[in-house]
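Notes for the one structure printed next.
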Amino acid sequence: MMTALIDSFDRRVRYVRISVTDRCDFRCVYCMSEDMTFLPRAQVLTLEELGLVARAFTELGVEKIRLTGGEPLVRRGIDSLVEEVGALPGLKDFAMTTNGAGLGKYAKALHAGGLRRLNISLDSLDADKFRRLTRTGNLSKVIEGIHAAREAGFERIKLNAVILKNRNDDEVLDLVEFSRHEGLDISFIEEMPLGDVSDHDRAETYCSSDEVKALIEHRHALLPTAESTLGPSRYYRMHDSDTRVGFISPHSHNFCDTCNRVRVTVEGRLLLCLGNEHSVDLRAVLRRYPGDIEALKSAIVDAMPLKPERHHFTTDGDVQVVRFMNMTGG
Ligand code: SAM
Ligand code: SF4
């Protein structure tokens, strides 16, 4: 069997993001509606199935795995899954995206299990505003989580901030100062049109990376770098700090040409592109051939020609893809 995943546009897939749950203890306004119905347990991959999926991808040459959700730290047994994935040969970069609220509890176990990089979502440093954006989140718990992660040995922790106009665009500089002070990297993300979110009109709240960058440059010159973490961020540095500032701009800067990743949803659907519906049902394979890694690897290899050339997001507020972000794994 071939051991590398190459698509029809000669892009090699080296990075997979796996969603381990659709559930979350937050209800961020750009991600979920207030009343979410979550999937019945039987439709969600078991921990054993998730472990096998991760192993299959590493055997096919994937070097980077990110666990996400939903909120990965609300999945029971996440520490044992991390330990299993952390021990896979061939894995060079093992990361998680989390809202940070569970890190006080889990940071040590995750680091001991081999997880090495954390992206922590943080959109506001004002407790009230944080609560309004997340609907249920507690800012101090997240700050404690960041500190617990650092104490557990995580290095180069990165914050992710989604910036919405008139909601938190006035906090861009505060978030940069916080990152400099705490020794963190930070990426600013443009809101993506995933799922029909009733809280706000996306055309009105859309804030481009160029606008965010201009706000930062009022105070700090941003020097472009060629650094990459196999992700879609474009990175900049400041001359007087170690902090990197990244921009993830699916609207204004298309990054499809160099796309090297795929996603696995919490239901085991392999998504070849975040902005398209093409997918392959890996859960069906897992349940038809339990424990059979070769069958799983064949299904993944056979899916490669489905990876489309590019996505087609727009900023006019239209919803082109109706999945919520917590289902696809952000
Ligand atoms: N619960 C974890 C967290 O919040 O970090 C992991 C899952 S969350 C879906 C992953 C990332 O997606 C977060 O940084 C979040 O801010 C971002 N996100 C969610 N909905 C988004 C949207 N509509 N547009 C852009 N980013 C979004
Ligand atoms: Fe939960 Fe993350 Fe979505 Fe916020 S962005 S609701 S923390 S999954």
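Number of Lys pairs in segment 54-151 with C-alpha atoms less than 19 angstrom apart, excluding same-chain neighbours closer than eight positions?
Close lysine pairs found across segment 54-151: 4.
R0 = 22 Å: FRET efficiency of Asn138 with Thr37, Cβ-based, nearest 0.05?
About 0.35, to the nearest 0.05.
Taking 0.36 nm per residue of sequence separation and subtracting the Cα-Cα distance, how much length would be gained by fully extending the chain between Glu83 and Glu63, in nm to one decimal?
Answer, rounded to one decimal: 5.6 nm.
Each residue of segment 278-294 in turn: what ³J(HN,Hα) in whole Hz from Karplus with 6.51, -1.76, 1.60 and θ = phi - 60°, glycine and Pro shown as x?
Going residue by residue, I get 4, 7, 10, 8, 6, 4, 4, 5, 4, 8, 7, 10, x, x, 8, 5, 5 Hz, with x marking Gly and Pro.
In cubic angstrom, how much convex hull volume per residue do the alpha carbon atoms of the chain span?
Value for the chain: 121 Å³ per residue.
Among Gly114, Ala148, Phe9, which residue has its Cα positioned farthest towards the positive end of the charge dipole of the chain, with +1 placed on the Cβ of Lys and Arg, -1 on the Cβ of Asp and Glu, and the dipole taken about the Cα centre?
Farthest along the dipole direction, towards plus: Gly114.
Given contacts defined as C-alpha pairs under 8 Å and at least six residues apart, what's the relative contact order of segment 13-328, whole-number percent?
For segment 13-328, the relative contact order is 21 percent.
How about segment 28-120: which chymotrypsin sites (Phe, Trp or Tyr not before Pro) there are in a DSSP loop, with at most 16 other Cβ atoms within 10 Å of their Cβ?
Qualifying residues, ordered by number: Phe38.
Tell me which GluC sites (Glu not before Pro) from segment 1-98 have a DSSP coil assignment and no more than 13 other beta carbons within 10 Å of their own.
Glu34
For the chain, which whole percent of the accessible surface, found with a 1.4 angstrom probe, sits on carbon and sulfur atoms?
Of the solvent-accessible surface of the chain, carbon and sulfur hold 49 percent.
So how strong a dipole does segment 97-153 carry about its Cα centre when Lys and Arg Cβ are +1 and Asp and Glu Cβ are -1, to the nearest 20 debye?
140 debye
Per DSSP H run of at least 4 residues, take -39500 (n - 2.57); add these up for the chain, divide by its residues and hand me the 222 nm value, nearest 500 deg cm²/dmol.
-8500 deg cm²/dmol
Out of Gly153, Gly86, Gly69, any idea which swings most in a Gaussian network model of the chain, alpha carbons joined below 10 Å?
Among Gly153, Gly86, Gly69, the largest GNM mean-square fluctuation belongs to Gly153.
Report the gain in length on full extension from Asp201 to Glu151: 0.36 nm times residue separation, minus Cα-Cα distance, nm rounded to one decimal.
Additional length available on full extension: 14.0 nm.
If N is the number of residues in segment 63-156, what value comes out of its Cα radius of gyration divided by 2.2 N^0.38 Å?
Ratio of Cα Rg to 2.2 N^0.38 Å: 1.08.
HN-Hα J couplings of segment 239-244 from phi, Karplus 6.51/-1.76/1.60, θ = phi - 60°, integer Hz, Gly and Pro as x?
Once rounded to whole Hz, the list reads 6, 10, 7, 7, 5, 9.
Taking 0.36 nm per intervening residue step and subtracting the Cα-Cα distance, what contour gain separates Ser298 from Ala221 on full extension?
Result: 22.8 nm gained on full extension.
The values are calculated or read from the model by the stated rules, or taken from the named source; none is laboratory data. The shown structure was predicted, so the numbers you read here are calculated from the model rather than taken from an experiment. For neighbour counting, all protein chains shown are included, and Cβ atoms are generated from backbone atoms with ideal geometry for every residue, glycine included. Keep in mind that these areas ignore ligands, DNA and RNA; they rest on the heavy atoms of the full protein, side chains included. Shrake-Rupley method; radii C 1.70, N 1.55, O 1.52, S 1.80 Å.
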